[in-house]
Amino acid sequence: MKIAVVGATGLVGTVMLKVLEERNFPLTELIPVASEKSVGKEITFKGKKYAIVNMDTAISMRPDIALFSAGGSTSLEHAPRFAEAGTTVIDNSSAWRMDPSKKLVVPEVNAHELSIDDKIIANPNCSTIQMVVALKPLHDKYKIKRVVVSTYQSVTGTGVKAVEQMMNERKGILDGPMAYAYPIDLNVIPQIDVFVDNGYTKEEMKMINETRKIMGDDSIRLTATTVRIPVMGGHSESVNIEFENDFDLAEVRELLEKTDGIIVVDDIANLKYPMPKDAHEKDEVFVGRIRRDESMPNSLNMWIVADNLRKGAATNAVQIAEFLVKKGLI
Ligand code: 2RA
């Protein structure tokens, strides 16, 4: 099994390599791909050195799977080239997510939709992934009518430059390179990605549109407010759900606890609830503060935290690859 990692030197690409190694993915050859300026440099994987190659060389090596995290324009240009050469692409950019001919997959929710014909598969947005993992068991049981979500997103979602801006500001360096329009340390910024015509941001519209596609139910109504906060470990989300039917709170908790990929941390008597510092470098989705919304019938509040670089990106992509291998779809 030959695996290419396109964007191997980036924040998510680096985590993809780490996750492949940690999960002992059954690969026989690794093909790290990056821009021309990195070609020839070496990365170490399982104690062995691999030279970084460019796109053309990687395509000529005919990988079975290519994990992409190299931005939308690069994916739009090169993913079809890999697919034409027989490679199955799993892409972490937003390029293909809302393409009706492409699957948008969170394994715990809709991996069953995948087939051998899927040669370009979209990895959803990090803030969407962690939310739908928790929504799915509850939607199946009680049918979700509406979701209101507010997010508290790590600077790692923006990339290295944002982490550097926050760390510089924390050290009192206020004239360093800026990833955001404003200081992020000791601040929050209620804008992630650019604004669109309806006053929402692209990040908020991704959560709305991607959730409906992954859940396979356009009747679900959603609204979102996505906010950048100065943390590293992962994204947090306050989620309010209105169901078509009433629910039993103990049963909600049990459903979540029984769902693969979810860890319920919900013991307020002992101040136990999910936090980014505890989700950091983990692959699960952490759910807590589960409580009835007493202002509305059939409505629930919960708090969802996950490492946006792992389950929100790299691990979800590797889990899709694992599913394809397990089901013989490669
Ligand atoms: C962010 N979800 O957090 C977006 C992209 N990673 O910036």
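Of all residues being touching a strand residue (DSSP E or B) at 6+ places or on another chain (Cβ under 7 Å) and closer than 16 Å to MET16 by Cβ in region 106-132, which is most open to solvent (accessible area, probe 1.4 Å)? Just the residue, please.
That would be CYS126.
Would you be able to say whether some residue in region 298-309 is of a type outside the set (Lys, Arg), open to solvent by 60 Å² or more (accessible area, probe 1.4 Å) and outside any strand (DSSP E or B)?
Scanning region 298-309 turns up no residue that is of a type outside the set (Lys, Arg), open to solvent by 60 Å² or more (accessible area, probe 1.4 Å) and outside any strand (DSSP E or B).
Determine, yes or no, whether ILE65 is under 17 Å from the mean Cα position of the chain (by Cα), at pLDDT 95 or above and either assigned by TED's automatic domain parsing to the domain that holds GLY13 or not acidic (Asp, Glu) (or both).
no
Quick check: anything in region 282-305 β-branched (Val, Ile, Thr), within 29 Å of ALA122 (Cα to Cα), assigned by TED's automatic domain parsing to the domain that holds GLU203 and more than 16 Å from the ligand (Cβ to nearest atom)?
Yes, the conditions are met somewhere in region 282-305.
Could you figure out which of (1) surrounded by 17 or more Cβ atoms within 10 Å (Cβ to Cβ); (2) at pLDDT below 95; (3) over 28 Å from ALA122 (Cβ atoms) isn't true of GLY233?
(3)
Quick one: in region 236-245, of everything that is more than 14 Å from the ligand (Cβ to nearest atom) and touching a helix residue (DSSP H, G or I) at 6+ places or on another chain (Cβ under 9 Å), which residue is modelled with the lowest pLDDT?
Once the filter is applied, the top-ranked residue is ASN245.
I'm trying to understand the selection: among the residues of region 175-226, which are of a type in the set (A, V, I, L, M, F, W, C) and either away from the ligand (no atom under 14 Å from the Cβ) or loosely packed, with under 11 Cβ neighbours inside 10 Å (or both)?
MET178, ALA181, LEU186, VAL194, PHE195, VAL196, ILE214, MET215, ILE220, LEU222, listed by residue number.
Any idea which residue in region 133-156 is nearest to GLY233 (Cα to Cα), counting only those that are surrounded by fewer than 24 Cβ atoms within 10 Å (Cβ to Cβ) and within 16 Å of the ligand (Cβ to nearest atom)?
Checked region 133-156; the qualifying residue nearest to GLY233 (Cα to Cα) is TYR152.
Just checking, how many residues over region 205-258 are more than 15 Å from VAL132 (Cβ to Cβ), among the charged types (D, E, K, R) and in a helix (DSSP H, G or I)?
Total satisfying the criteria: 5.
The values are calculated or read from the model by the stated rules, or taken from the named source; none is laboratory data. Being a predicted model, the structure only gives us computed values, none of them experimental. Here Cβ is always computed from backbone atoms with ideal geometry, including for glycine, and neighbour counts include all displayed protein chains. The area values use the complete protein model at the heavy-atom level, side chains included, leaving out ligands, DNA and RNA. Shrake-Rupley method; radii C 1.70, N 1.55, O 1.52, S 1.80 Å.
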